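Inspection log for the structure reproduced underneath, given as structure tokens.
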Amino acid sequence: MAKRYKFIFNFVLIALLAISIQAFAANVVPKLKQVSVQLKWFHQFQFAGFYAAIEQGYFTEAGLNVKLIEGGPTIKVIESVTSGKAEFGIGNSSLLIDYNNGSQIVAVATLFQHSPSIILARRDETIRTVKDLEGRTIMGKLHTAELMTYLKVAGVDLKKIKLVPHTGTVESLKRPSESGIDATTAYLSSEPFLATQLNIPYHIFNPRDLNIDFYGDTLFTSSRFANLHPEIVTAMRNSLIKGWQYALKNSDELVSIILAKYHPKKDQLALSYESQAIIPLFASDIVDIGLMSHRRWHEIGSAFVKSETLKQNYTVDGFLFENKEPLPTWVYNLLVASLLIITLTTFIAVYILSINRRLTLSLEQIKEQKEIIEYQATHDTLTGLPELRLLHERWDKAVSRADRDNSRAAILFIDLDGFKLVNDTYGHHAGDFVLKIVSSKLNKSIRNVDTAARLGGDEFIVILDCIKSIEDAPLIANKLIAAISQPISFNNSAISIGASIGIAIYPVHSSKPEEIIKLADLSMYKAKKSGKNKFKVYSSN
């Protein structure tokens, strides 16, 4: 028996050695193949995966010499790829529309699981909701059909919106009286920070607020190139994924490389901000970088159909790249050898599994993982507070309880005073620290039945559930102002901020729940104008 096992072991070892030598010979790196990639915007951290793959030699190891072509507001990426000017391009979910309209393209890899495309509007009292963009001028192309879909689902009449070419900068929002521009298409990972640097107050209108979740940056190529050179497409995809894995772990290094070699239009601070803001778009803790599925593309297609940007009979067939080239002979040989090893080890594996069933993931663990994912989807990453979607759910419940119990519910709209000075003086790490402390103070200052949520930036909302008297809301507002005004210790410095709070009470000030948030926001502006670090209860006067 021992001699038999020894014979099998020696046979497998010799077979593996011979096949390994054959595999090595078959994989000698050939002369580098020249390929070009058309980016869709100026050089910035959005394309850090390419820079990392070049610097770390991932493209070279795969036999590729990659040239990056800088994009901009006038660049037509689809045309560059289908005409042969570039072998690859970076697009987004609207690639599905282009494909169904006759463009000979295939999607190779989805890099951003969530689209960063938003509408950035200058903040004033006449633009509160996305519907208020009717009759306004928007800078950009609404390039993705994503934003057109969002506007249509939100009930906006697109005929009442004037579109003008993008200037390539959000500075056009700084003086709307001169430029005539009220809003711009933008990226969540870039333009809000640039607007803050330019002291431009803004509103963000995000398709995800309406549960419209598109893919973001997607690598694509022409159908012809994919059919002729599937091995190059595969090499590009795999190398780029490795590049992004490196870039996300070494963001500071990539920022330095971009500044030194690619002459970006952003400074170091803006690139550093973008490097952090871009991380949630990958969802890489849940989904592998580059992964895309027929199911998700069909969900995106259904959204486009609802907005009439895609026909009902659209198709995904042939749209996703699949490498169908025959496998080399050495791969089949290796598979045969692997089957021998698997056969020998299966008996051992079954025995071990029968002894140690604790390795099997229990139903409780699965439930726990599901709860973690659901929590991450509804809570702010920095502060842990509920985000907009969960806020609306809890506000609806508070209103229902108020109607049922003949009580009241209130919205406290909070905007921090002096927060920009904290960022300018101590840096954004200090700003993040302050936001965490403020969030903790909010939770400690309200009841268990109430909810504190973060809207974004330095804006928060508190829901007061089941209040018996309209006087309860001002009492809690005073308590919050006092708590927030307490100095915060940071690196041997005492940071002082304040808060302006607007209050609106349901159904006292309006019987329409959705209007209460708007009235509280309006009251907050009045509080800020009256001297800051104060609260104002809504008054029709």
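The values are calculated or read from the model by the stated rules, or taken from the named source; none is laboratory data. The model shown is predicted, which means the values in this text are computed figures rather than measured ones. Please note: Cβ atoms are built from the backbone with ideal geometry, for glycine as well, and neighbour counts cover all protein chains shown.
For the range 247-269, the tally of residues that are more than 16 Å from Leu194 (Cα to Cα) and within 20 Å of the chain's Cα centre (by Cα) stands at 8. With the structure loaded, tell me whether His263 is surrounded by fewer than 21 Cβ atoms within 10 Å (Cβ to Cβ) and either touching a strand residue (DSSP E or B) at 6+ places or on another chain (Cβ under 7 Å) or free of Cβ contacts under 8 Å to residues at least 12 places away in the same chain (or both) or whether it fails that test. In short, no.
One line per residue, one yes/no per condition, for (1) modelled with pLDDT of 95 or more; (2) at positive phi; (3) assigned by TED's automatic domain parsing to the domain that holds Ser189:
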| position | (1), (2), (3) |
| --- | --- |
| Leu421 | no, no, no |
| Thr425 | no, no, no |
| Ala430 | no, no, no |
| Ala452 | yes, no, no |
| Gly456 | no, yes, no |
| Val462 | yes, no, no |
| Ile467 | no, no, no |
| Asp472 | no, no, no |
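Reported count of residues in the range 169-188, each being of a type in the set (S, T, N, Q) and over 20 Å from Val130 (Cα atoms), is 3.
Under the condition of being assigned to a helix (DSSP H, G or I), more than 18 Å from Ile69 (Cβ to Cβ) and in contact (Cβ under 8 Å) with a residue 24 or more places away in the chain, the residues counted in the range 234-253 number 12. The set of residues in the range 207-225 that are surrounded by fewer than 19 Cβ atoms within 10 Å (Cβ to Cβ) and not charged (D, E, K, R) comprises Leu210, Asn211, Ser223. When Ala398, Ala482, Ala452, Ala473 are screened for being hydrophobic (A, V, I, L, M, F, W, C), out of contact with any strand residue (DSSP E or B) (no Cβ under 7 Å at 6 or more places or on another chain) and either touching a residue at least 12 places away in the same chain (Cβ under 8 Å) or surrounded by fewer than 16 Cβ atoms within 10 Å (Cβ to Cβ) (or both), only Ala482 passes. Scanning the range 266-284 for residues that are of a type outside the set (A, V, I, L, M, F, W, C) and touching a residue at least 12 places away in the same chain (Cβ under 8 Å) yields Lys266, Gln268, Ser272, Tyr273, Glu274, Ser275, Gln276, Pro280, Ser284.
Scan the range 226-236 for residues that are surrounded by 19 or more Cβ atoms within 10 Å (Cβ to Cβ) and either of a type in the set (Ser, Thr, Tyr) or within 13 Å of Tyr58 (Cβ to Cβ) (or both) and report the count. Counting residues in the range 226-236 that are surrounded by 19 or more Cβ atoms within 10 Å (Cβ to Cβ) and either of a type in the set (Ser, Thr, Tyr) or within 13 Å of Tyr58 (Cβ to Cβ) (or both) gives 2. For the range 146-171, a tally of residues being among the hydroxyl-bearing types (Ser, Thr, Tyr) and modelled with pLDDT of 85 or more returns 2.
Modelled with pLDDT of 95 or more and surrounded by fewer than 16 Cβ atoms within 10 Å (Cβ to Cβ): is that true of Asn541 in this structure?
So Asn541 does not fit the description; no.
In the set (1) of a type in the set (A, V, I, L, M, F, W, C); (2) touching a helix residue (DSSP H, G or I) at 6+ places or on another chain (Cβ under 7 Å); (3) under 29 Å from Gly102 (Cβ atoms), Val164 fails one condition alone, (2). Can you find a residue in the range 274-295 that is farther than 23 Å from Leu382 by Cβ, in the same structural domain as Val106 (by TED's automatic domain parsing) and buried (at least 17 other Cβ atoms within 10 Å of the Cβ)? Within the range 274-295 (the criterion being farther than 23 Å from Leu382 by Cβ, in the same structural domain as Val106 (by TED's automatic domain parsing) and buried (at least 17 other Cβ atoms within 10 Å of the Cβ)), the answer is yes, since at least one residue qualifies. Being small (Gly, Ala, Ser) and either assigned to a helix (DSSP H, G or I) or assigned by TED's automatic domain parsing to the domain that holds Val255 (or both) is a description that applies to Ser172. Answer with yes or no whether Ala499 is modelled with pLDDT of 95 or more, aliphatic (A, V, I, L, M) and buried (at least 18 other Cβ atoms within 10 Å of the Cβ). Taking the combined requirement at face value, the residue satisfies it.
Every residue, every condition in (1) more than 23 Å from the chain's Cα centre (by Cα); (2) at pLDDT 95 or above; (3) β-branched (Val, Ile, Thr); (4) within 23 Å of Asp317 (Cβ to Cβ), yes or no:
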residue	(1), (2), (3), (4)
Gln22	yes, no, no, no
Lys40	no, no, no, no
Gln44	no, yes, no, no
Phe47	no, yes, no, no
Glu55	yes, yes, no, no
Glu61	yes, yes, no, no
Gly72	no, no, no, no
Asn100	yes, yes, no, yes
Phe112	no, no, no, no
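If I filter the range 150-157 for residues that are under 19 Å from the mean Cα position of the chain (by Cα), among the aromatic types (Phe, Trp, Tyr) and part of a loop (DSSP other than H, G, I, E, B), do I get at least one hit? Scanning the range 150-157 turns up no residue that is under 19 Å from the mean Cα position of the chain (by Cα), among the aromatic types (Phe, Trp, Tyr) and part of a loop (DSSP other than H, G, I, E, B). Within the range 181-205, the residues that satisfy the criterion of being among the aliphatic types (A, V, I, L, M), more than 14 Å from the chain's Cα centre (by Cα) and not in a strand (DSSP E or B) are Ile181, Leu194, Ala195, Leu198, Ile200. Is one or more of the residues making up the range 29-36 crowded, with 19+ Cβ neighbours inside 10 Å and modelled with pLDDT of 95 or more? Looking for residues that are crowded, with 19+ Cβ neighbours inside 10 Å and modelled with pLDDT of 95 or more, one finds at least one in the range 29-36, hence yes.
You will find that of Leu271, Leu339, Leu310, the residue that is surrounded by 17 or more Cβ atoms within 10 Å (Cβ to Cβ), modelled with pLDDT of 75 or more, not in a loop (DSSP other than H, G, I, E, B) and not β-branched (Val, Ile, Thr) is Leu271 and no other.
Note on the range 76-98: residues that are over 23 Å from the mean Cα position of the chain (by Cα) and either assigned to a loop (DSSP other than H, G, I, E, B) or buried (at least 24 other Cβ atoms within 10 Å of the Cβ) (or both) amount to 7. Restricting attention to the range 527-538, the residues that are of a type in the set (Gly, Ala, Ser) and surrounded by 11 or more Cβ atoms within 10 Å (Cβ to Cβ) add up to 2.
Where strands (runs of 3 or more DSSP E) fall entirely within the range 421-501, those with at least 3 residues that are farther than 25 Å from Lys397 by Cβ are at 488-490, 493-495. Could you tell me whether the range 417-427 includes any residue that is of a type in the set (D, E, K, R) and under 30 Å from Asp472 (Cβ atoms)? So far as the range 417-427 goes, yes, one or more of its residues are of a type in the set (D, E, K, R) and under 30 Å from Asp472 (Cβ atoms).
Within the range 528-538, the set of residues being closer than 20 Å to Ile127 by Cα and modelled with pLDDT of 95 or more comprises just one member, Tyr538.
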